Amino acid sequence: MAEKKDETTKREAIKKMERRSLRIAVLTGGGDAQGLNAAIEGIVYRAEYGGHRVFGFIDGWKGLLLEEFRELRKEVVRNSYSQGGTIIGTSRTNPVKDEETKQKAIKNFKELAFDAIIAIGGEDTLGAAAKLYEAGIPAVGIPKTIDHDVLETEYTIGFQTAVSIVADAIEKLGTTAKSHRRIIVVEVMGRHSGWIALYGGLAGGADYILIPEVKPDINDVVRVIKEKYGRGEQFAVIAVAEGVKLPNEEEKKVNIVDEYGHEKVGGIAEKLAKILENQTGYPAKHVVLGYLQRGGSPVAIDRTTPMLLGVKAVELVENGDFGKMVAMKGSRVVVVDLKKVSAGIKPVPRDLYEFARLFFD
């Protein structure tokens, strides 16, 4: 048995020696999220194990367009898994916003002689990676977004930490709302989906939760608040995702958009607080959590799971399996087509929202 084990180890060592050393590029795009550094650390450790070198593009796709990057080695990334943010920076730069930009991205990638690129991001970053792959760039994706709305995966980097932050904030705001006998409307992130609002609101004890996927019923919100005050509990905390649109709200032309065409959102909490104050007669305030949700150190799952995804991404690169994204289904790391991932976003299922409604009282 010992001889057989030694022979197997020897064959693996020879195979490793024969494998060509690769130059792997990595970038983080879109909004920052807790756990990005853990993914980068996983990539670097696995790459060096395989005899490869890793280079991080500075500030996402912007780094590719400007040819700005830095080499990432173990001594650079070691123990960064517990740090929030991203050590290589990020931006919302779109490398495929037009044909000229797209061709520049392709040209730069080829001239820099990278063998592959691992893009860590949400729907926009991964969508850009899918288009560049179709244009001939060997790309692999890793899902990252605190919004949790990437298709084909049950896990996205940063979501669990963001939910913990929102839950903690809502719980804290409940004590000040109770002290002043007022309503507090808490605005959380979620342009198109209400995952953070739903999970953060439930965990933090919100009295009502509004999400973009379900048309808001203001009369029902008012009913819940009045019933609660009528029971002697003279305060309420309402969680609302930033992408929620109020009934009969006029569609306004928005000139502020990012490179992916997304409108600037926000302000729903202030509008809703005024409506609720007018319709209930109780004082109401609003709080916008904003970038607080992206900050701080990642919770345990956002430290360990990104490492697993980073390791698997390098394995895909080694095997030449491009145009794919590593994902989580249950406790398993799986591989899915980038084209499927870039087809849209993952909304909160209606039945999940109906489950949450049981606790709106």
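Taken together, the values in this text are just the output of simple stated rules run on the coordinates, not laboratory data. The model shown is predicted, which means the values in this text are computed figures rather than measured ones. Glycine also receives a Cβ, built like all others from the backbone with ideal geometry; neighbour counts cover every protein chain displayed.
What to note about this one:
- Amide N of region 160-178 lying under 11 Å from the label point, which is placed 7 angstrom from the Cα of Leu292 along Cα→Cβ: 165-174
- Between the Cα long axis of helix 218-230 and the first principal axis of the chain there is an angle of about 60°, rounded to the nearest 10.
- Under a model in which nothing but the beta-carbon of Lys, Arg (+1) and Asp, Glu (-1) is charged, region 161-294 shows a dipole of about 440 debye around its Cα centre.
- Cβ-Cβ FRET estimate between Glu270 and Ile218, R0 fixed at 22 Å, reported to 0.05: 0.90
- Additional length obtainable on full extension of the chain from Glu67 to Leu246, 0.36 nm per residue less Cα span: 60.1 nm
- Restricting the trypsin sites (Lys or Arg not before Pro) of region 43-107 to loop positions (DSSP other than H, G, I, E, B) with no more than 10 neighbouring Cβ atoms within 10 Å leaves nothing.
- Burial ranking of peptide ranges 332-340, 189-197, 270-278 (average Cβ count within 10 Å, highest at the top): 189-197, 270-278, 332-340
- CD proxy at 222 nm, helix term only [per DSSP H run n ≥ 4: -39500 (n - 2.57); per residue of the chain; nearest 500]: -13000 deg cm²/dmol
- Debye, to nearest 20: dipole size of the chain, +1 on Lys, Arg Cβ, -1 on Asp, Glu Cβ: 500 debye
- Kirkwood hydrodynamic radius of the chain, from the reciprocal of the average inverse Cα-Cα distance over all distinct pairs: 21.8 Å.
- Dividing the radius of gyration of the alpha carbons in region 161-294 by their Kirkwood radius gives 0.97 for Rg/Rh.
- Computed label-point distance, nm, for sites Glu111 and Asp351 using a 7 Å Cα→Cβ extension: 5.4 nm
- Taking a point 7 Å from the Cα of Glu263 along the Cα-to-Cβ direction, the residues of region 230-245 with backbone N closer than 18 Å to it are 241-245.
- Region 45-79 and region 311-329 have Cα centres spaced 17 Å apart.
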